[in-house]
Amino acid sequence: MKKLTIAIDFDGTVCTYAQWPKIGQPQEYAKDVINKLYDEGHTIIINSLREGVYQHQAERWLEQHGINYHHFNENSPANIKKYYECRKIGADVYIDDRNINGLPKWIDIYAMIQNMCKPVIIGIVGESGSGKTMLAEHMEEKYGIKMIESRTTRPPRHEDEKGHTFVSDEEFDTYEQDDMLAFTKFGDYRYCCLKKDIEQINTYVIDEHGLKYLKQTFGSDYNIISLRIWRAEEARTKHADEERVKRDEGKFTMRRDEFDYSISNRYEMKEGVFSRANEILTEIFIRNPFYKL
């Protein structure tokens with residue numbers, strides 16, 4: 001799980017307001033949440049207007065109440081090394097009662113941060129020849145979003161085939177079910193993805209059965225976004241052999257509104273598909289500003 005640098009305001013956020021320079025009472029669940037984030041390996045910075053004697057007063061208060069943190073009004077050494085030292089506190093997340101919507105409950109803050117830290121998997125679903133792998137390759141080339149390669153026992157269709165890691169039946173048999181993120185079988189061939197293959201943001205070419213399994217089994221561990229690519233059968237047969245197209249019959253039954261996003265691959269040029277994909281990714285990142293490439 002991704003580790004964050006979290007900057008937390010003191011007065012009004014960790015504790016309630018009191019007449020300056022007095023310190024109020026701990027906010028409900030603030031201690032529990034901050035200490036849990038600390039124990040999970042996130043870097044906690046107390047970011048306050050307090051300086052000098054007032055800062056020391058706050059530091060003593062935090063110690064007395066058993067609230068753990070790494071730095072007080074100081075950037076983390078890791079951020080200084082990565083960027084440079086400056087007056088502004090650098091962080092991935094800022095928690096402050098003066099946010100536009102005020103201070104959420106600390107229990108809700110914890111849930112938000114947990115969701116932010118979960119890896120993102122964009123599951124791309126479509127029949128053979130619809131353009132799934134082409135779409136995943138575009139996202140990797142343009143945005144650096146890793147395309148998870150399915151491990152499969154089938155032989156490569158051509159020498160430079162992308163999107164799969166080809167393994168023997170013997171090697172596939174060594175994979176533990178608990179290590180598999182998804183599993184499916186087409187004909188005599190098995191496909192799976194392993195948890196160790198996952199990065200922070202990924203695409204994964206998958207079928208409907210695999211997508212449902214992924215959401216039901218790992219929906220609490222990963223942010224799973226579904227993307228359906230559609231293409232007329234006549235056009236698909238130009239890019240996939242007749243046997244593969246026929247094999248797909250009856251296996252794609254989910255409605256369009258069951259997917260988060262969809263693309264109709266009706267374009268003569270692949271740039272039309274890429275343009276729609278760019279729009280979708282822009283929307284995903286606007287809705288979820290904490291997803292970082």
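The values are calculated or read from the model by the stated rules, or taken from the named source; none is laboratory data. Since we're looking at a predicted model, the values are computed, not measured. In this analysis, Cβ positions are derived from the backbone assuming ideal geometry, glycine residues included, and neighbour counts consider all displayed protein chains.
Sort out which residues of segment 103-133 are part of a helix (DSSP H, G or I) and among the polar types (S, T, N, Q), and write them in order of number. Spell out how you get there, then give the answer.
So in segment 103-133, the residues part of a helix (DSSP H, G or I) come out as 106-117, 132-133.
Passing the criteria: Q114, N115, T133.
For segment 27-51, enumerate the residues that are assigned to a loop (DSSP other than H, G, I, E, B) and surrounded by 15 or more Cβ atoms within 10 Å (Cβ to Cβ).
Q27, Y29, H42, N47, S48, R50
Which residue is surrounded by the most Cβ atoms within 10 Å (Cβ to Cβ), if the candidates are limited to segment 112-148 and must be among the β-branched types (V, I, T) and under 13 Å from V273 (Cβ atoms)? Spell out the reasoning first.
Step one: list which residues in segment 112-148 are among the β-branched types (V, I, T), which gives 113, 120-122, 124-125, 133, 145, 148.
Those left that are additionally under 13 Å from V273 (Cβ atoms): 124, 133.
Working: I124: 27, T133: 17.
Result: I124.
Quick grid of which residues meet (1) closer than 30 Å to M112 by Cα; (2) among the charged types (D, E, K, R); (3) not in a helix (DSSP H, G or I):
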residue	(1), (2), (3)
M147	yes, no, yes
Y175	no, no, yes
L214	yes, no, no
S220	yes, no, yes
I225	yes, no, yes
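Quick check on this structure: which one of G66, G24 is surrounded by fewer than 14 Cβ atoms within 10 Å (Cβ to Cβ) and either hydroxyl-bearing (S, T, Y) or modelled with pLDDT of 95 or more (or both)? Show your work before the answer.
On the way: G24 fails: surrounded by fewer than 14 Cβ atoms within 10 Å (Cβ to Cβ).
Matching residue, one of G66, G24: G66.
Looking only at segment 185-208, which residues are closer than 17 Å to Y291 by Cα and either among the hydrophobic types (A, V, I, L, M, F, W, C) or outside the structural domain of S130 (by TED's automatic domain parsing) (or both)?
Within segment 185-208, I198, I201 meet the criteria.
Could you tell me whether I45 is in contact (Cβ under 8 Å) with a residue 60 or more places away in the chain, under 26 Å from I100 (Cα atoms) and under 25 Å from the mean Cα position of the chain (by Cα)?
No, not satisfied.
Look at segment 227-263 and say how many of its residues are part of a strand (DSSP E or B) and at pLDDT below 90. I'd like the intermediate steps shown before the answer.
The first filter runs over segment 227-263 and keeps only residues part of a strand (DSSP E or B), leaving 227-230, 261-263.
From what is left, the residues that are at pLDDT below 90 are 230.
Residues that pass the stated criteria total 1.
So, of the residues in segment 1-21 that are without any contact (Cβ under 8 Å) to a residue 12 or more places away in the chain and out of contact with any strand residue (DSSP E or B) (no Cβ under 7 Å at 6 or more places or on another chain), which turns out to be surrounded by the most Cβ atoms within 10 Å (Cβ to Cβ)?
First pass over segment 1-21, keeping only residues without any contact (Cβ under 8 Å) to a residue 12 or more places away in the chain: 16-20.
Subsequent filtering for residues that are out of contact with any strand residue (DSSP E or B) (no Cβ under 7 Å at 6 or more places or on another chain) retains 16, 18-20.
Values: T16: 15, A18: 12, Q19: 6, W20: 10.
Taking the candidates together, the pick is T16.
Any chance you could count how many residues in segment 90-136 are touching a strand residue (DSSP E or B) at 6+ places or on another chain (Cβ under 8 Å), modelled with pLDDT under 90 and more than 24 Å from I284 (Cα to Cα)?
Residues flagged as touching a strand residue (DSSP E or B) at 6+ places or on another chain (Cβ under 8 Å), modelled with pLDDT under 90 and more than 24 Å from I284 (Cα to Cα) within segment 90-136 amount to 1.
Within segment 162-191, count every residue that is of a type in the set (A, V, I, L, M) and without any contact (Cβ under 8 Å) to a residue 12 or more places away in the chain. Steps first, please.
Initial filter on segment 162-191 (of a type in the set (A, V, I, L, M)): 167, 180-182.
Narrowing further to those that are without any contact (Cβ under 8 Å) to a residue 12 or more places away in the chain: none.
Count: 0.
Considering only segment 196-225, how many residues are surrounded by 15 or more Cβ atoms within 10 Å (Cβ to Cβ) and closer than 18 Å to I145 by Cα?
Adding up the residues that qualify gives 13.
Got a number for residues in segment 177-195 being more than 12 Å from E149 (Cα to Cα), part of a helix (DSSP H, G or I) and either modelled with pLDDT of 90 or more or among the charged types (D, E, K, R) (or both)?
Going through segment 177-195 one residue at a time, the tally reaches 2.
Of A7, A78, which residue is of a type outside the set (S, T, N, Q) and modelled with pLDDT under 95? I'd like the intermediate steps shown before the answer.
Values: A7 fails: modelled with pLDDT under 95.
It is A78.
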